[in-house]
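Written below as structure tokens is the structure these notes are about.
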Amino acid sequence: QVQLVEFGGGLVQAGGSLRLSCAASGSIFSINPMGWYRQAPGKQRELVATMTTGDSTNYADSVKGRFTISRDNAKNTVYLQMNSLKPEDTAVYYCYAFRILTYWGQGTRVTVSA
């Protein structure tokens, strides 16, 4: 079992920044990859960014150049730095981790006002 706890959501004006954190605990050995999805109201959950243990990253086209994913292996934590936020980034952001199964965090809400 893997437990994921997210921090860092909130309300921000367009053009602002937020950093999300996701701390993993439990059976964390060999978690790969970790990353973030988001789900906007009335829309399907979509991939935002992923990062492997080899530091390979993948981003949704809509966030490339604005969002950066990183991880601190010593803290078992993955981060999502979000810059130049837009109203269309408003969503609930979910951390995920894959180790045999896909595990999800509880979600953290990000609201970007125009």
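The values are calculated or read from the model by the stated rules, or taken from the named source; none is laboratory data. Because the structure is a prediction, the values reported are computed rather than measured. Here the Cβ is made from the backbone with ideal geometry for all residues, glycine too, and neighbour counts use every protein chain on show. Surface accessibility is based on the protein's heavy atoms, side chains included, excluding ligands, DNA and RNA. Shrake-Rupley method; radii C 1.70, N 1.55, O 1.52, S 1.80 Å.
If N is the number of residues in the stretch 16-96, what value comes out of its Cα radius of gyration divided by 2.2 N^0.38 Å?
On the way: Rg = 12.5 Å, N = 81, 2.2 N^0.38 = 11.7 Å.
Against the empirical 2.2 N^0.38 Å value, I get 1.07 for the stretch 16-96.
When you filter the trypsin sites (Lys or Arg not before Pro) in the stretch 16-114 for DSSP loop state and at most 16 other Cβ atoms inside 10 Å of their Cβ, you are left with K43, R45, K64, R66, K75.
Relative to the present Cα-Cα distance, how much length would full extension add between E46 and S21 at 0.36 nm per residue of separation?
Numbers: separation 25, 0.36 × 25 = 9.00 nm, distance 1.81 nm.
Extra length from E46 to S21 when fully extended: 7.2 nm.
Specify the residue with the greatest mean-square fluctuation among L11, L101, L20, computed from a Gaussian network of the chain linking alpha-carbon atoms under 10 Å apart. Greatest mean-square fluctuation among the candidates belongs to L101.
Counting only protein heavy atoms and a 1.4 Å probe, the chain has 53 square angstrom of accessible area per residue. Which lysines have a Cα less than 29 Å from the Cα of K86, not counting those fewer than 8 places away in the same chain? Once the sequence-local lysines are set aside, what remains near K86 is K43, K64.
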